[in-house]
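Values in this text are rule-based calculations from the coordinates and carry no lab data. For clarity, every value in this text was computed on a predicted model and none was experimentally measured. Counting neighbours? That spans all protein chains shown, and the Cβs are built from the backbone with ideal geometry, glycine included.
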Amino acid sequence: MANLLIVDDEADVREFAANFFRKRKINVTTAPSGEESLNMLDKVKPDLILLDIKMDGIDGIETLKRLKEKNKDLKVIMVTGRKPDDQESFEKCRQFGALDYIHKPLELEELERIVLKNLK
């Protein structure tokens, strides 16, 4: 079974996405912050991480950088409330190795398509 780690400081977003993927027989773990996700990494061994960019504490871009320092092969998809015109963040995420970008509010079809494609 695939392991998905969802990192978002908004509890409702975390639970919404977690429940959605649990129904699809994916093993889901959630973390409320970048720091927490870094601490859980060795225990959880995620096949894919959904990582919110805008969070309190260390933001998603810094978290992405640190996650990749721990394991360069991690698959990470960034989640953002901003539109794609935020090219700078997107470019930075790409440089640090993010695979893709999903926008809030989460659209389930897009979310499912991108996550399942990257879990294969």
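Each label point was placed 7 Å from the Cα along the Cα-to-Cβ direction; for E88 and K117 their separation is 2.8 nm. Our coupling estimate for segment 110-120, obtained by passing each phi through the Karplus curve with A = 6.51, B = -1.76, C = 1.60 and θ = phi - 60°, is 5, 4, 4, 4, 5, 5, 5, 4, 7, 7, 5 Hz, Gly and Pro reported as x.
Amide H contacts for V28 (H built 1.01 Å from N in the peptide plane; partners 5 or more residues away or on another chain; cut-off under 5 Å): L4.
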